[in-house]
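Read-outs throughout are calculated quantities, based only on the coordinates presented, and are distinct from any laboratory measurement. Here the structure is a predicted model, which means the values were calculated and not measured. Counting neighbours? That spans all protein chains shown, and the Cβs are built from the backbone with ideal geometry, glycine included.
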Amino acid sequence: MGLAVFVGDKLVGELDNIEALSHLIVSNKLQNATITIQNPYDYNTDISIYISLAKDTKNTVEIINDYPYITCNVSISGYVLTLEDTLNLSDEETLQTLNSTVSSYLEYCIYSYLYKTSKDFSADIDNFGKHVLSDYLTLEEWEASDWLNNYENSFFKVNVDANILSGYLFSNF
């Protein structure tokens, strides 16, 4: 699984599976996926989590001192698929820890993806440029801004709000 990245008709690079997932999240095309994170209570085990977008990712772009400043606000919902003895999924604190872990993991993945597409590929495959089109009154002004070359200079802020729930019903006897 992956994604080929083109600028015009030229192949400029490839994205791996987590980068392709990041693209789907940022571009609001994610329907659902299963991710694996390290268990925060036992670093020798992993946890599988089924995720989907809770609401559309909100992307904003500001030009500050001639540099694009791009913010991505992501809202993820999901269910734990793994049963682990180290996880008490009926405990609110455990679920908060999982939410924090998933948020941190996805923020890291999305940051890496965004910097790779901007710095390494110079490819705005998420169409962030459309968010600043209204800042230019004419086509000539837009072309003079040289968006695709300036995209390399972008700075990013990623916020992920995760709402992970237990995927099973539990009862304490």
| request: Give me the angle, in degrees from 0 to 90, between the Cα long axis of helix 92-115 and the longest principal axis of the Cα atoms of the chain, rounded to the nearest 10. | output: 30
| task | Identify which of TYR69, TYR136, TYR41 has the largest mean-square fluctuation in a Gaussian network model of the chain, with springs joining Cα atoms closer than 10 Å. | result | TYR136
| Given a Förster distance of 30 angstrom, what is the FRET efficiency for GLN38 paired with PHE6, based on the Cβ-Cβ distance and rounded to 0.05? | 0.35
| said: With 14 Å as the cut-off, how large is the P(r) tail for the range 9-63, expressed as percent of Cα-Cα pairs? | reply: 67
| task | Report the residues of the range 22-66 in range of a label on LEU81: point 7 Å along Cα→C-beta, backbone N strictly under 15 Å from it. | result | 31-38, 46-53
| query | Using mean Cβ contacts within 10 Å as the protection proxy, how do 58-66, 80-88 order, highest first? | reply | 80-88, 58-66
| task | Report, in degrees rounded to the nearest 10, the 0 to 90 angle that the Cα long axis of helix 17-26 makes with the longest principal axis of the chain. | result | 70
| Local electrostatic count at MET1 - Lys and Arg +1, Asp and Glu -1, tallied over other residues with Cβ under 12 Å | -3
| Cubic angstrom per residue, convex hull over Cα atoms of the chain | 126
| Distance (nanometres) between label positions extended 7 Å along Cα→Cβ at THR138 and PHE155 | 3.1
| message | Two decimals, Cα atoms only, Kirkwood Rh: what is Rg/Rh over the range 1-94? | response | 1.08
| field | Whole-number D in µm² s⁻¹ for the range 67-148, Kirkwood Cα-pair radius fed into Stokes-Einstein, 4 °C, 1.567 mPa s | value | 80
| query | Are any of the pairs LYS10/LYS157; LYS55/LYS116; LYS10/LYS58 more than 27 Å apart by Cα-Cα distance, and if so, which? | reply | LYS10/LYS157; LYS10/LYS58
